[in-house]
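Working notes, structure below.
FYI, it's all coordinate maths here, none of it is from the lab. Since the structure is predicted, the reported quantities are computational estimates derived from the model, not experimental observations.
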Amino acid sequence: MTTKQMFLVACELCPMEQDEFLLHLGGAIRTLLSRYPTSLLCRAGDAEIKSPRSLDEECGIHELYSGALLSGVIAAKSGSEADRRLFLEEADATYRNLWRLAARGKRHARG
C-alpha cells in the first residue's frame, strides 16, 4: 500500500490533515524501528527505511505492515490506549509472520 493510499484510508477512518498524517506515520515507523530488526521491516530491494515527507514518497517498510502502520496513525490521532495496543498487536503478529517465513526459507535452503 502506498503512502497516498494509506492516507486516504486513514482519512476515511479518522479525518486529518496531510501534515498530521505524515507526522503520525513517522511516529509509527519509529516505533517499528525501535521494536524490530530492519531486516524484517524492509521491503525486498529497499536499503533504507525513512519517514515520508510527502504522500509521493515511500517509507520502505514491507507491505504487510500497512495495517499496523494505519493502526499506529489512528492510535496517535485518537490517543486511545486500546488503539495503541491494537497497533502493537498487529505489528507483533506481522513480525512473527515474516520471521516464520524467513526461518522457513533458510531451512529449505539448507536442506
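Determine the calculated [θ] at 222 nm for the chain from helices alone, applying -39500 (n - 2.57) to every DSSP H run no shorter than 4 residues and normalising by the residue count; nearest 500 deg cm²/dmol.
Helix-only estimate at 222 nm: -22000 deg cm²/dmol.
Which ³J(HN,Hα) values, rounded to whole Hz and listed in residue order, are derived for segment 85-96 from phi using the Karplus coefficients 6.51, -1.76 and 1.60 in 6.51 cos²θ - 1.76 cosθ + 1.60 with θ = phi - 60°, glycine and proline given as x?
Coupling constants for segment 85-96: 4, 4, 4, 5, 5, 5, 5, 4, 4, 5, 4, 4 Hz.
On the first, second and third principal axes, largest extent first, how far apart are the outermost C-alpha atoms of the chain in Å?
Cα extents, longest axis first: 51, 30, 22 Å.
Can you tell me the convex hull volume per residue for segment 34-82, based on C-alpha atoms, in Å³ to the nearest whole number?
Convex hull of Cα atoms, per residue: 103 Å³.
Just report the Cα centroid separation between segment 7-29 and segment 51-111, whole Å.
16 Å
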